[in-house]
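See structure below.
The values are calculated or read from the model by the stated rules, or taken from the named source; none is laboratory data. Treat the numbers as computed from the prediction; the structure is a model and nothing was measured. Heads up, the Cβs are rebuilt from the backbone with ideal geometry, glycines too, and the neighbour counts pull from every protein chain shown.
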Amino acid sequence: MSDDLKAWEALAAKDLKGAGPESLTWATLEGIAVKPLYTAADTAGLAHMGSLPGLAPFTRGVRATMYAGRPWTIRQYAGFST
């Protein structure tokens, strides 16, 4: 563990009045634990982290330029059910 991470944990524990930083971990509806802080060590073994937008596995988007050349589209559903 790096000195910076240890320092962050100490500051977080102080702000949390003695509770550890792990108390900030929460779970999504799918049960995925979300940590309060991620570092480069958390993503070191992930092969897709070096990918680019527009290229498989599309983790950074399906288009190479994404929305740089155009704004997001905003749509509204205006149907009536029977």
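Considering each of THR82, THR73, THR65 in turn, give the residue that is hydroxyl-bearing (Ser, Thr, Tyr) and either surrounded by 10 or more Cβ atoms within 10 Å (Cβ to Cβ) or at pLDDT 85 or above (or both). Let's see the steps before the verdict.
On the way: THR82 fails: either surrounded by 10 or more Cβ atoms within 10 Å (Cβ to Cβ) or at pLDDT 85 or above (or both); THR73 fails: either surrounded by 10 or more Cβ atoms within 10 Å (Cβ to Cβ) or at pLDDT 85 or above (or both).
Exactly one of THR82, THR73, THR65 is hydroxyl-bearing (Ser, Thr, Tyr) and either surrounded by 10 or more Cβ atoms within 10 Å (Cβ to Cβ) or at pLDDT 85 or above (or both), namely THR65.
Give the residues of segment 29-60 that are of a type in the set (Val, Ile, Thr) and assigned to a loop (DSSP other than H, G, I, E, B), sorted by residue number. Can you show your working first?
Going through segment 29-60, the residues of a type in the set (Val, Ile, Thr) turn out to be 32, 34, 39, 43, 59.
Passing the criteria: ILE32, THR39, THR59.
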